[in-house]
Amino acid sequence: MNKVQITRSPIDDSIYVERELANKAEIKQALKNANKAQRLWRKSSIAERAACCYAMVAALMSNEEEIAEQLCWMMGRPIRYCKAEISGMAERARFMVSAAEAALAPIVLEEKQGFKRYVKREPLGVVFVIAPWNYPYLTAINTIVPAIMAGNTVILKHSAQTPLCAEQFAKAFEEISPLLNVPHGIFQYLHLNHSETERLIAEPLVDYVAFTGSVAGGEMVESAASGRFIGVGLELGGKDSAYVRADADISHAVASCVDGAFFNSGQSCCAIERVYVHTSIYDDFVNQVVALVNEYKLGRPDDKSTTLGPLVKADNADFVRRQITAAITAGARAHINSDDFLLDKIGSAYLAPQVLTAVDHSMSVMTDESFGPVVGIMEVESDEQAISLMNSSEFGLTAAVFTGNIDQGISIGDQLETGTFFINRCDYLDPALAWVGVKSSGRGCTLSTLGYQSLTRPKSYHIKVDITQ
């Protein structure tokens, strides 16, 4: 009998999904199916692959009501926001499909008498995608579509918190495959525990691993793949920062930073978790932030009036509570009265938002990833001080500067150790831009035409067409 994976809803801690974990025979069969399908799929044209991916996305979109409800119950996101992930997923997928022809086009070298020389990009084989729960469709699609467009096949292992997302992807592929003569096995999913996930990474038929999750999870993936000489893409944690200069539009900066910090209850790798504000506008900025955060309504996410749902687990919420308590004990000032948010209590996944000032980098809340609805705000006196504080983190996923001086903002961005840099916005992925982290935020690249490079290998052709020379 297979082991059972249980998913509890953060809404009320009830059991929402129970699924049997894949056994060794099922894992072996999935690998065989993926390998067999890939030998056929690599021969398909870009147009055939595009038709498959466009149809798969359309099938998912046609089921968005059910998907939105599942997201709400599996991860606790307010229902009013759940459909946006499906439309965002579709936007990313369609862009990556449209980018494939240019990204996969051969590189033809300049003419050399008697020779043809060019470089083609070939698929790797079987791509193993390990996806997280916090943006379960957006993060998974970053690799699924470009992998398939490049001629690979995909096996998806989704988070134990969001197993139905994997099943929705599979349902969409199953629906469109007979219509387009797509080989069985180009997309499969497996529900796996940690030990079986490690063993699958070590399997000879796995040619690439794409992981999104914690730093500890990334270390596990690297260790499991060690010695196999395969590519590993890692999108890990963040402690993303924003700097609000004296010349910034304060109301715009407030709205952007608050949304960047508290959307999805702060459960985003690129959430704004620390803000540095020039002393000349500091008090005004803080006052506006506090006023806006107090407008959030913490409640059951299946209530359409709720704007702030629970964290995914009570343990996660209690970790953030400990960070907040430790910061206050060390001298930080809390601006939000948690008693105004009635569902907030120790041991509950429901956590009131919090804004902290009088913080510094001796506090965990300013250095360790919170992944919850809390933000620390520090006063700074110069660009140089802000840059130094922003770069002091072990993470480097995104950073943002709010300013009326674009040239100066770009100059600051050039000095920041980050994968993505924003001016006058934050917490957003443009699929036309490479998504990449530095330091402990990971390595590798997804999205944009560059995202295809890690999912293919270059193959050089050096052809002597005139053997008389």
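The values are calculated or read from the model by the stated rules, or taken from the named source; none is laboratory data. The structure presented is a predicted model; accordingly, all values stated were derived computationally and were not measured. FYI the Cβ positions are ideal-geometry reconstructions off the backbone, even for glycines, and counts take in every protein chain you see.
Just name the residue that is farthest from VAL320 (Cα to Cα) out of those in the range 208-252 that are among the charged types (D, E, K, R) and in contact with a helix residue (DSSP H, G or I) (Cβ under 9 Å, 6 or more places away or on another chain).
Kept after step one, since they are among the charged types (D, E, K, R), are these residues of the range 208-252: 219, 222, 228, 235, 239-240, 245, 247, 249.
Next cut, in contact with a helix residue (DSSP H, G or I) (Cβ under 9 Å, 6 or more places away or on another chain) only: 228, 235, 239-240, 245, 247.
Working: ARG228: 38, GLU235: 22, LYS239: 14, ASP240: 16, ARG245: 28, ASP247: 32 Å.
Step by step, filter the range 208-252, then rank; the result is ARG228.
What pairs can you find where one residue is in the range 448-460 and hydroxyl-bearing (Ser, Thr, Tyr), the other is in a helix (DSSP H, G or I), and their Cβ atoms are less than 6 Å apart, with a gap of 6+ or different chains?
What qualifies is THR449/ALA99; THR449/ALA102; THR449/ALA103; TYR452/ALA103; TYR452/PRO146.
If GLY409 meets every condition in (1) outside any loop (DSSP other than H, G, I, E, B); (2) under 20 Å from the mean Cα position of the chain (by Cα); (3) surrounded by 22 or more Cβ atoms within 10 Å (Cβ to Cβ) apart from one, which number is that one?
Unmet condition: (2).
Condition (residue is closer than 30 Å to TYR350 by Cα, assigned by TED's automatic domain parsing to the domain that holds ARG49, at pLDDT 95 or above and among the β-branched types (Val, Ile, Thr)) applied to the range 201-212: is it met by at least one residue? Give the steps one after another, and end with the answer.
Going residue by residue through the range 201-212, those that are closer than 30 Å to TYR350 by Cα are 211-212.
Next, only the ones that are assigned by TED's automatic domain parsing to the domain that holds ARG49 stay: 211-212.
Now restrict to residues that are at pLDDT 95 or above: 211-212.
So of that shortlist, the ones also among the β-branched types (Val, Ile, Thr) come out as 212.
Among the residues of the range 201-212, at least one is closer than 30 Å to TYR350 by Cα, assigned by TED's automatic domain parsing to the domain that holds ARG49, at pLDDT 95 or above and among the β-branched types (Val, Ile, Thr), which makes the answer yes.
Can you find, within the range 91-122, the residue that is nearest to MET56 (Cα to Cα) among those that are among the small types (Gly, Ala, Ser) and at pLDDT 95 or above?
Step by step, filter the range 91-122, then rank; the result is ALA93.
Here are ARG39, ARG49, ARG19, ARG80: which of them is modelled with pLDDT of 95 or more, over 21 Å from LEU180 (Cα atoms) and in a helix (DSSP H, G or I)? Please lay out each step first, then the result.
Working: ARG39 fails: over 21 Å from LEU180 (Cα atoms); ARG49 fails: over 21 Å from LEU180 (Cα atoms); ARG19 fails: in a helix (DSSP H, G or I).
Step by step, each of ARG39, ARG49, ARG19, ARG80 is checked, and only ARG80 is modelled with pLDDT of 95 or more, over 21 Å from LEU180 (Cα atoms) and in a helix (DSSP H, G or I).
Can you tell me which residue in the range 425-446 is nearest to the chain's Cα centre (by Cα), limited to those that are part of a loop (DSSP other than H, G, I, E, B) and at positive phi? Please lay out each step first, then the result.
Going residue by residue through the range 425-446, those that are part of a loop (DSSP other than H, G, I, E, B) are 425-434, 436-437, 440-441, 444-445.
From what is left, the residues that are at positive phi are 427, 444.
Values: ASP427: 11, GLY444: 13 Å.
Checked the range 425-446; the qualifying residue nearest to the chain's Cα centre (by Cα) is ASP427.
Given the structure, is GLY114 surrounded by fewer than 16 Cβ atoms within 10 Å (Cβ to Cβ) and on the phi > 0 side of the Ramachandran plot?
Spelling it out, GLY114 is indeed surrounded by fewer than 16 Cβ atoms within 10 Å (Cβ to Cβ) and on the phi > 0 side of the Ramachandran plot.
I'm told GLY451 meets every condition in (1) under 27 Å from PHE262 (Cα atoms); (2) assigned to a helix (DSSP H, G or I); (3) under 19 Å from the mean Cα position of the chain (by Cα); (4) not hydroxyl-bearing (Ser, Thr, Tyr) except one. Can you identify the failing condition by its number?
(1)
Can you name every residue in the range 138-154 that is crowded, with 24+ Cβ neighbours inside 10 Å and not small (Gly, Ala, Ser)?
THR139, ILE141, ASN142, THR143, ILE144, VAL145, PRO146, ILE148, MET149, ASN152, THR153, VAL154
Only one of these is assigned to a loop (DSSP other than H, G, I, E, B) and without any contact (Cβ under 8 Å) to a residue 40 or more places away in the chain: ASP368, ASP360. Name it. Spell out the reasoning first.
Details: ASP368 fails: without any contact (Cβ under 8 Å) to a residue 40 or more places away in the chain.
Only one candidate passes the filter, namely ASP360.
I'd like the full set of residues that are in a loop (DSSP other than H, G, I, E, B) and of a type outside the set (Lys, Arg), limited to the range 208-233.
GLY213, SER214, SER226, GLY227, PHE229, ILE230
Provide a single number: the residues in the range 340-395 that are under 16 Å from ARG245 (Cα atoms) and acidic (Asp, Glu). If you could, list the steps in order and put the result at the bottom.
Pass one, the range 340-395, residues under 16 Å from ARG245 (Cα atoms): 377-390.
Now narrow it down to the ones that are acidic (Asp, Glu): 379, 381, 383-384.
Adding up the residues that qualify gives 4.
Considering only residues that are buried (at least 24 other Cβ atoms within 10 Å of the Cβ) and over 19 Å from GLY260 (Cα atoms), which ones fall in the range 361-404?
Hits for the range 361-404: nothing passes.
Could you list all residues from the range 160-200 that are assigned to a helix (DSSP H, G or I), touching a Phe, Trp or Tyr at 6+ places or on another chain (Cβ under 8 Å) and farther than 23 Å from TYR135 by Cα?
LEU200
With respect to ALA399, is the statement that it is free of Cβ contacts under 8 Å to residues at least 24 places away in the same chain and either basic (Lys, Arg) or in contact with a Leu (Cβ under 6 Å, 6 or more places away or on another chain) (or both) true?
Details: free of Cβ contacts under 8 Å to residues at least 24 places away in the same chain: no; either basic (Lys, Arg) or in contact with a Leu (Cβ under 6 Å, 6 or more places away or on another chain) (or both): yes.
So ALA399 fails the test.
What residue, of THR162, THR153, is among the polar types (S, T, N, Q), more than 29 Å from GLY76 (Cα to Cα) and touching a helix residue (DSSP H, G or I) at 6+ places or on another chain (Cβ under 8 Å)? Let's see the steps before the verdict.
Values: THR162 fails: more than 29 Å from GLY76 (Cα to Cα).
After applying the criteria, what remains is THR153.
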